[in-house]
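So the structure is just underneath, and the comments pick up after that.
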Amino acid sequence: MSADCIFCKIVRGEIPCKKVYEDEDIFAFHDINPMAPVHFMVIPKQHVDSLDAVDAAHAPMLGKLFAKLGELARGQGLTDGFRTIVNTGRVGRQEVYHLHVHVVGGSEPLGSMLPRGN
């Protein structure tokens, strides 16, 4: 874990959060600034800067993380679908440089992912 990373601090319990799930490899918690009625993030406990920093050694952790998303989403009431978002790097608008998957949804369909033409 990184000493200065806000998500690592959340995993260590130094910053409070509304926890969704935790096991030995992954941690899920609600976003403090939700963009939808349900908005939580799933992160590896191991500090990985971004999806761009992932290599084959991370495959088991990534497989476990993505395999858990559906169960966690359903547990938060997202039974009719949800969106997953992984922002990567500056162009991808990544704000916290610790790999994380946003899970967002609600009872109504979400808007467009990106405006057309951008």
*Derived scalar couplings ³J(HN,Hα) [the stretch 94-99; Karplus, 6.51 cos²θ - 1.76 cosθ + 1.60; whole Hz; x for Gly, Pro]*: 5, 9, 10, 8, 9, 3
*Sum of side-chain charges, residue 64 neighbourhood, beta-carbon under 9 Å (Lys, Arg +1; Asp, Glu -1)*: -1
*J(HN,Hα) series, the stretch 26-39, from Karplus relation 6.51 cos²θ - 1.76 cosθ + 1.60, nearest Hz, glycine and proline x*: 10, 9, 10, 8, 6, 5, 6, 10, x, 9, 7, x, 10, 8
*Packing-wise, with mean Cβ within 10 Å as the measure, how do 39-49, 100-110, 67-77 rank, highest first?*
39-49, 100-110, 67-77
*Full extension from residue 112 to residue 3: what is 0.36 nm times the residue separation minus their Cα-Cα distance, to one decimal in nm?*
35.6 nm
_Largest-first principal axis extents of the Cα set of the chain (Å)_ = 38, 34, 27
*Vicinal HN-Hα couplings computed from phi for the stretch 46-53 (Karplus, 6.51 cos²θ - 1.76 cosθ + 1.60; Hz; Gly/Pro x)*: 5, 6, 10, 4, 6, 4, 5, 8
*Among 112, 56, 73, which residue has its Cα positioned farthest towards the positive end of the charge dipole of the chain, with +1 placed on the Cβ of Lys and Arg, -1 on the Cβ of Asp and Glu, and the dipole taken about the Cα centre?*
112
*Using modelled backbone amide H atoms (1.01 Å from N, in-plane), which distant-in-sequence or interchain residues come within less than 5 Å of residue 26's amide H?*
45
*If a cysteine in the chain has no other Cys Cβ under 4.7 Å from its own Cβ, put it on the list, ordered by number.*
17
*Which of the lysines could a cross-linker span from residue 68 if the Cα-Cα distance has to be under 17 Å and same-chain partners fewer than 8 positions apart are dropped?*
19, 45
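Rule-based calculations on the coordinates, nothing more; no lab input. This is a predicted model, so every value here is computed, not measured. Counting neighbours? That spans all protein chains shown, and the Cβs are built from the backbone with ideal geometry, glycine included.
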